[in-house]
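The values are calculated or read from the model by the stated rules, or taken from the named source; none is laboratory data. Quick caveat, the model's predicted, so the values are computed rather than measured. Please note: Cβ atoms are built from the backbone with ideal geometry, for glycine as well, and neighbour counts cover all protein chains shown. We work out accessible area using only protein heavy atoms, side chains counted, and drop any ligands, DNA or RNA first. Shrake-Rupley method; radii C 1.70, N 1.55, O 1.52, S 1.80 Å.
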Amino acid sequence: GRHADAKENIRRFAAFEKGGLIPNRIRGDHADYNTVDGSMWFVQAVRQYGEASGDRAFTAELLPVLRRILKSYAEGTGYRMHGRFNRIAMDADGLIVSPAQATWMDADPEGRDRPVTPRNGKAVEINALWHNALRAMAGFARRLSEPDTYTAMADRVQANFGKFWY
């Protein structure tokens, strides 16, 4: 029920969107961009806020940021860390490929580029979040009478995820 607080928090993160990436941490005016899932969770936060509040105007306000996120993931984006560019992009099958140490599981407690559970490639939860983000955007487009270019992408991800997973 704290819609004003949620809206302020979502706006704060939206203001730091860069290249389709939402930072995983903001400290003052500095943001850390080193995660593949932050942007996907951001889309879910906007969806959940809209469902809880019924505030379509706020969803419409955020559509440019949401579109940039999905477009950047589809075309390729990334961040610099440990002296290299860590690319995040949609593969030919529609699934998202990400570098090791880009998910919540890839903790590097010593900060030495040695993740405890290094996973690169098509992380299962990232592609579930990607699919959910595409479905959320398709829903936003319908509710706001916008063109829907996301349903076909989501269908492709769904079909290929099954092939990838099994």
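What a 1.4 Å probe finds exposed on segment 70-122 is 52% carbon and sulfur by accessible area, rounded to a whole percent. For the chain, modelled as a GNM whose springs connect Cα atoms under 10 angstrom apart, the maximal fluctuation among Ala74, Ala92, Ala133 occurs at Ala92. When you filter the trypsin sites (Lys or Arg not before Pro) in segment 75-134 for DSSP loop state and at most 13 other Cβ atoms inside 10 Å of their Cβ, you are left with Arg112. Amide hydrogen proximity for Ile96: with H placed 1.01 Å from N in the peptide plane, the residues at 5 or more positions away or on another chain lying under 5 Å are Asp91. The sum of -39500 (n - 2.57) across all DSSP H runs of n ≥ 4, divided by the residue count of the chain, sets its helix-only mean residue ellipticity at 222 nm to -17000 deg cm²/dmol. In the elastic network of the chain, a GNM with C-alpha springs shorter than 10 Å, the most mobile of Gly78, Gly94, Gly139 is Gly139. Name the residues of segment 39-67 whose amide N is less than 16 Å from a point 7 angstrom out from the Cα of Ala15 along the C-beta direction? Answer for this model: 62, 65.
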